[in-house]
Amino acid sequence: MRTVTVNGRSYDWPTAPLVVICCDGSEPDYMEIAMAKGLMPNLRRIIEKGENRRGLSVIPSFTNPNNLSIVTGRPPAVHGICGNYLIDPATGQETMMNDPKWLRAPTIFEAFQKQGAKIAMVTAKDKLRLLLGKGLAFDGTAVAFSSEKADKVSMAENGIADACGMVGMGVPDVYSAELSEFVFAAGVKLLERMKPDLMYLSTTDYVQHKYAPGSEGANRFYAMMDKYLGQLDRAGAILVIVADHGMKDKHLSNGEPDVLYLQDVLDQAFGKGKTKVILPITDPYVVHHGALGSFATVYAYGPDVKEVMALIARQDGIDAVLDRNEACARYELPEDRMGDVVVVSGGPRRSKVIGTSRDKHDLSGLDEPLRSHGGLTEQEVPVIANRKFVNAPAKLRNFDAFALGCNHIVEN
């Protein structure tokens, strides 16, 4: 049996093309309700012959940390991606964490390709494609591109010359369900034409931010997804379906966002410039969440850290206030990329999100009551496969996906 070892984990060579799907923001209820309504017959058939389990995402339950955990098989303490946004320890400047330079560990794709595997990877957004594709050689054995920039692909940068032509779709709007549909459609075509050993399909959570489980908009999305799941399954692939995080309502009964503007609270107590709240959910695509999530890190420039923590702990809707060392140990985070304090929100209603200052958040793009993620309440995710598991861990993490597909599958 051929094995590949990367980041301290060993992976058997898959017995069929292994397709891991990260359905962004897919709270377990989405698929459960859609199946109950008869909208996902292919998924029901997949589960009947395979598995329908639950697992935990990494914290913060955001897109980038979890996608990178899935494709490295390890938590952020190992791969270094702990959000979309941080204060650069080297410069002290606030910056995005989209550049592949921030990734500290090789991906499973890179390690398998070096052993002769063919790799296919399609993401909804290009920010993620750059990180996930780090280390790949586009020498005819790898394809990696995003829906967002499918019309700008090249053999040198992506391993494919005409992604839109292959899929038969134009480039969708970045705020649309079609951005994810392009990912699924591309996966079906690549499986047929390329027959990769490993494939990774990662969608966007536009729909999940906008629509609750069981709503018409959500059900329409999952019925679409089911069509492609059926095609991938019938093509003989090993399928493992996970999510990077869940999604919860983050609003009050009147529809207004349930926000703690933490920077305003700290400025009032300690003065402006004495603390800095960083929201790692921040990225170029904030229309559907206004950069409001349930995880924040705080830097203290003078005030006693314990006093800062005590003040934050007194605010409504706070689930955890930890100093850097305790937070990084508990949530497996890189210490040099966290502030002095880590804050996780939710509260009894599971609805509290954290903002910086009230005047720094543009919520004009929210055309539905806020739904978001980042905290412990969005950590439970589905772990679904079209084969039975054998000797799988009792407690699953979403970053076990490739190990499950390689090491713990019983062939049908």
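The values are calculated or read from the model by the stated rules, or taken from the named source; none is laboratory data. Please read all numbers here as calculations on a predicted model, not as lab measurements. So basically every Cβ, Gly included, is an ideal-geometry build from the backbone, and we count neighbours across all protein chains shown. What goes into the accessible areas is simple: the full protein's heavy atoms, side chains included, and nothing from ligands, DNA or RNA. Shrake-Rupley method; radii C 1.70, N 1.55, O 1.52, S 1.80 Å.
Structure above, values below:
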{"item": "Residue-count net charge about residue 320 - beta-carbon cut-off 15 Å; Lys, Arg +1, Asp, Glu -1", "result": "-2"}
{"item": "Contour minus Cα-Cα distance for residue 256 and residue 227 (0.36 nm per residue)", "result": "6.9 nm"}
{"item": "Charged-residue dipole, Cβ positions (Lys, Arg, Asp, Glu), segment 214-289 about Cα centre, Debye nearest 20", "result": "180 debye"}
{"item": "Separation in nanometres of the label points that stand 7 Å from Cα toward Cβ, at residue 114 and residue 274", "result": "5.0 nm"}
{"item": "nm² value of the averaged projected area, convex hull over the Cα atoms of the chain", "result": "19.1 nm²"}
{"item": "The chain - accessible surface per residue (Å², probe 1.4 Å)", "result": "37 Å²"}
{"item": "Normalised contact order of the chain, rounded percent, pairs of Cα under 8 Å and 6 or more residues apart", "result": "28 percent"}
{"item": "Per-pair calculated FRET efficiency, R0 = 45 Å: residue 176 and residue 336 via Cβ, rounded to 0.05", "result": "0.75"}
{"item": "Total charge dipole magnitude, the chain, about the Cα centre, Cβ charges on Lys, Arg, Asp, Glu only, Debye to nearest 20", "result": "980 debye"}
{"item": "Alpha carbon centroid spacing (whole Å) that separates segment 19-83 from segment 207-250", "result": "10 Å"}
{"item": "Solvent accessible area, Å² - residue 251, 1.4 Å probe, full protein context", "result": "50 Å²"}
{"item": "Lys/Arg +1, Asp/Glu -1 at C-beta; the chain dipole; positive extreme among 4, 255, 164", "result": "4"}
{"item": "Length-normalised contact order for segment 54-162 - Cα pairs under 8 Å, 6+ apart - percent", "result": "18 percent"}
{"item": "Per-peptide average of other Cβ atoms within 10 Å, ordering 54-63, 6-15 highest first", "result": "54-63, 6-15"}
{"item": "Which listed pairs, of 210/360; 118/248; 125/250; 49/250; 189/248; 195/395, have C-alpha distances above 28 Å, in listed order", "result": "118/248; 49/250; 189/248; 195/395"}
{"item": "Sparsely packed chymotrypsin sites (Phe, Trp or Tyr not before Pro) within segment 252-351, loop by DSSP, other Cβ within 10 Å at most 14", "result": "301"}
